[in-house]
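The values are calculated or read from the model by the stated rules, or taken from the named source; none is laboratory data. What you see is a predicted model, and the numbers here were worked out from it, not measured in a lab. Cβ sites come from the backbone with ideal geometry, for glycine too, and all protein chains shown count toward neighbours.
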Number of protein chains: 2
Amino acid sequence: MKVTRAQAEENRRAVVEAAGRLFREHGVKGVGLAELMGAAGLTHGGFYKQFKSKDDLVLEACGQALDDGVGKWTRIVEKAEVEHADPLAALVRHYLSPTHRDRVGTGCALAGLGPDVVRPGEERAGLRQRFETSVQAYAGLLEQAMGADGSEDAALATLSTMVGALLLSRMVEDEACSRRILDAAGASLLGHPATPHEGQ
Amino acid sequence: MKVTRAQAEENRRAVVEAAGRLFREHGVKGVGLAELMGAAGLTHGGFYKQFKSKDDLVLEACGQALDDGVGKWTRIVEKAEVEHADPLAALVRHYLSPTHRDRVGTGCALAGLGPDVVRPGEERAGLRQRFETSVQAYAGLLEQAMGADGSEDAALATLSTMVGALLLSRMVEDEACSRRILDAAGASLLGHPATPHEGQ
DNA sequence: ATTATCTATAGATCTATAGATAATGC
DNA sequence: ATTATCTATAGATCTATAGATAATGC
């Protein structure tokens, strides 16, 4: 029943990844350890060889999901800069797309995990600090993407609009209404192009 | 052990109110029926005389909390109009205040319940429809508050910024950072006054 | 007589632990 | 010999139901 050390590491990684996805989809309290381990192809008994507690896994899964998001944004900005396209527009169009809205499990961790995981009053050691670091990283990338128009405050306001629009678009029943929220937020951030692209 | 019909109605109301508060504070899965009934001064056994299921109570508590929020906004706009003040500024200052940020239990239901309660894929009958109605009510009030500058799209974008900023401000550890998010969003919505008030 | 609420409990589920097992890695 | 994973289970908790009780409302 033992497995090579490399395989054990890969198993652990798979659990963290499954947790990041399932926690976003069903909420932390909405997934049990057995389902979590099962999603990584294991049984629940091995859990505590890898993690101190469920909360420990929550912290790790959030960290990974947040880093993935910042990494994605970094690549989008870099690609736009190389192509002499507008990086802000690239970020906003990606973030406010119906695809991103529908893929909660792999989508933005600020929207998909933040509200569920850092509740005022309930202290999960280090979590709020972890989110703060990533909020600043996201805002930093936005500021960079804004170029000459950028400032930390403008970036924080833009990030707020993006996160809020994504969450609201997920709350409503009607697809047209949902789309309208995404488009309205996008238009307000980019000047007005609901169309393909354009320089800033 | 029976109680007057008026008292029974009041008890039911108290349960819905406690649910609205506790669900926002700890998440729907974070509160059990016993705790819920206890917060209304009852024992858990009586629950199913009043509600079909926990999900039934979730729907009712969300509806009540959403209506409370729309009611609050309505009063704020009316008061500002009577006083010839800027209603948009009044809404934004109330919503993006540290007080509102800290009072999750009685604060905006879009931010406090939405992300937890309407998860894509998980269908709780009628809930998403209920949120959609309230999103439109909130946006309608914003549009009205914007006066000549108003449009449905502008209102939806503004609502996105407000909800996103509130949620982000609750995610970070540092008070100064949290305050900065609220202020940056407020400034971007109101022109620039981080100071007392001013016409639009 | 009706019924809102109470106590008690069934049945499911969840986190965490214990001990067995078998393949790795020294 | 070590250890990653497995099966099994303890103990807590949660939703929902059953039956008793006592005050209301006809």
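Any residue at all in the range B:43-58 that is surrounded by 19 or more Cβ atoms within 10 Å (Cβ to Cβ) and either away from DNA strand C (no atom under 16 Å from the Cβ) or at pLDDT below 95 (or both)?
Yes, the range B:43-58 has at least one match.
Hey, can you tell me all the residues within the range A:122-159 that are more than 8 Å from chain B (Cβ to nearest Cβ) and part of a loop (DSSP other than H, G, I, E, B)?
A:Glu123, A:Arg124, A:Ala125, A:Gly126, A:Gly150, A:Ser151
Of all residues in the range A:108-132, which are surrounded by fewer than 17 Cβ atoms within 10 Å (Cβ to Cβ) and touching a residue at least 60 places away in the same chain (Cβ under 8 Å)?
A:Arg124, A:Ala125, A:Gly126
Can you report the number of residues in the range B:151-165 which are among the acidic types (Asp, Glu) and in contact (Cβ under 8 Å) with a residue 40 or more places away in the chain?
The initial filter retains those residues of the range B:151-165 that are among the acidic types (Asp, Glu), namely B:152-153.
Narrowing further to those that are in contact (Cβ under 8 Å) with a residue 40 or more places away in the chain: none.
So the answer is 0.
Being without any contact (Cβ under 8 Å) to a residue 60 or more places away in the chain and closer than 26 Å to B:Gly150 by Cβ is the filter here, so list the residues in the range B:92-107 that pass it. Can you show your working first?
Our first condition is that a residue be without any contact (Cβ under 8 Å) to a residue 60 or more places away in the chain; within the range B:92-107, this holds for B:94, B:99, B:102-103.
Once the filter is applied, which keeps residues that are without any contact (Cβ under 8 Å) to a residue 60 or more places away in the chain and closer than 26 Å to B:Gly150 by Cβ, the range B:92-107 yields only B:His94.
Please name all residue pairs, on different chains or six or more residues apart, with Cβ atoms under 7 Å, provided the first residue is in the range A:59-76 and is at negative phi and the second residue is part of a helix (DSSP H, G or I) and surrounded by fewer than 18 Cβ atoms within 10 Å (Cβ to Cβ).
Here the result reads A:Val70/A:Ala137; A:Ile76/A:His94, each pair linking the range A:59-76 to a residue that is part of a helix (DSSP H, G or I) and surrounded by fewer than 18 Cβ atoms within 10 Å (Cβ to Cβ).
Taking only pairs six or more apart or across chains, which ones have beta-carbon atoms under 9 Å, a first residue in the range B:19-41 that is buried (at least 21 other Cβ atoms within 10 Å of the Cβ), and a second residue that is among the aromatic types (Phe, Trp, Tyr)?
Qualifying pairs under 9 Å: B:Leu36/B:Phe23; B:Leu36/B:Phe47; B:Met37/B:Phe47.
Going by what's in this entry, would A:Gly45 be described as without any contact (Cβ under 8 Å) to a residue 40 or more places away in the chain and not β-branched (Val, Ile, Thr)?
On the way: without any contact (Cβ under 8 Å) to a residue 40 or more places away in the chain: yes; not β-branched (Val, Ile, Thr): yes.
The answer is yes for A:Gly45.
Mind checking which residues of the range B:8-50 are more than 9 Å from DNA strand D (Cβ to nearest atom), assigned to a helix (DSSP H, G or I) and either over 28 Å from A:His26 (Cα atoms) or more than 18 Å from the chain's Cα centre (by Cα) (or both)?
Within the range B:8-50, B:Glu9, B:Glu10, B:Asn11, B:Arg12, B:Arg13, B:Ala14, B:Met37, B:Gly38, B:Ala39, B:Gln50 qualify.
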